[in-house]
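Student: This is the structure, below, for whatever I ask next.
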Amino acid sequence: MDTLSTVDNAVDLLFQLASRGEAQGVSALARGLDLPKASVHRLLSTLCRRGLVEKDDRRRYRAGPALVALGLGGLDRDPVAAAARAEVEDAALALGE
């Protein structure tokens with residue numbers, strides 16, 4: 001795999017994990033991405049080391065805490081979230097919360 005296709009495959013893998021909502025095994029992920037199991041396993045190992053993916057006790061994978069942190073970090077720059085945050089804060093003040 002060259003570097004660009006590896007990055008593309010890793011991003012595709014993260015999107016597949018996020019879209020399913022449930023933990024998945026290497027075989028299912030490989031089939032869904034049409035990639036060799038060895039390649040998917042290598043990607044998962046790297047993503048696990050970085051906290052973007054985590055493995056459960058059944059050796060299935062799901063989105064990890066670092067992926068959630070990345071997503072939440074993007075909310076700070078999202079104009080819709082910023083507008084909603086201001087409304088929520090105003091409502092909290094009005095309710096004494």
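Student: If you average the sequence gap of Cα pairs under 8 Å that are 6 or more apart and divide by the length of the stretch 11-56, what percent do you get for the contact order?
Tutor: With pairs under 8 Å counted, the relative contact order is 29 percent.
Student: What relative contact order, as a whole-number percentage, does the chain give when Cα pairs under 8 Å and 6 or more residues apart are counted?
Tutor: With pairs under 8 Å counted, the relative contact order is 20 percent.
Student: Okay, next question. Under a Cβ-only charge scheme (Lys and Arg +1, Asp and Glu -1), can you give me the dipole magnitude of the chain about the Cα centre, in debye to the nearest 20?
Tutor: Details: 13 positive and 14 negative charges, 161 e Å.
Magnitude of the dipole: close to 780 debye.
Student: Between L70 and R58, what length comes free when the chain is fully extended (0.36 nm per residue of separation minus the Cα-Cα distance, one decimal in nm)?
Tutor: Length gained between L70 and R58: 1.7 nm.
Student: Considering the stretch 40-97, what Rg and Dmax in Å follow from its alpha-carbon atoms?
Tutor: 17.5, 52
Student: For the chain, what does -39500 (n - 2.57) per DSSP helix run (n ≥ 4), summed and divided by total residues, give at 222 nm, in deg cm²/dmol to the nearest 500?
Tutor: -22000 deg cm²/dmol
Student: Running a GNM on the chain with Cα contacts under 10 Å, which residue among D76, D57, D34 ends up with the highest mean-square fluctuation?
Tutor: D57
Student: Moving to a separate point now. So what is the accessible area of the stretch 25-97 per residue, in Å², with the probe set to 1.4 Å? Don't skip to the answer; put the middle values down first.
Tutor: Numbers: 5200 Å² over 73 residues.
Accessible surface, normalised per residue, equals 71 Å².
Student: Provide the per-residue ³J(HN,Hα) series for the stretch 21-35, in order, calculated from phi with Karplus coefficients 6.51, -1.76, 1.60 and θ = phi - 60°, each as a whole number of Hz, with x at glycine and proline positions.
Tutor: So the J values, rounded to whole Hz, are x, 10, 5, 10, x, 4, 4, 5, 5, 4, 5, x, 9, 6, 10.
Student: Towards the positive end of the charge dipole of the chain, with charges on Cβ (+1 Lys, Arg; -1 Asp, Glu), say which of G96, L13, A82 has the farthest Cα.
Tutor: L13
Student: Turning to a different aspect of this structure: At 25 °C and 0.890 mPa s, grab the translational diffusion coefficient of the chain from Stokes-Einstein with a Kirkwood Rh over Cα pairs, rounded to a whole number in µm² per second.
Tutor: Taking Rh from Cα pairs, D becomes 161 µm²/s.
Student: Tell me which residues come under 5 Å, amide H to amide H, from V53 once H is placed; ignore anything under 5 positions away on its chain.
Tutor: Those lying under 5 Å, H to H, from V53 are C48, G64.
The values are calculated or read from the model by the stated rules, or taken from the named source; none is laboratory data. Note that the structure is a prediction, hence the values are computed from the model and not measured. Cβ sites come from the backbone with ideal geometry, for glycine too, and all protein chains shown count toward neighbours. We work out accessible area using only protein heavy atoms, side chains counted, and drop any ligands, DNA or RNA first. Shrake-Rupley method; radii C 1.70, N 1.55, O 1.52, S 1.80 Å.
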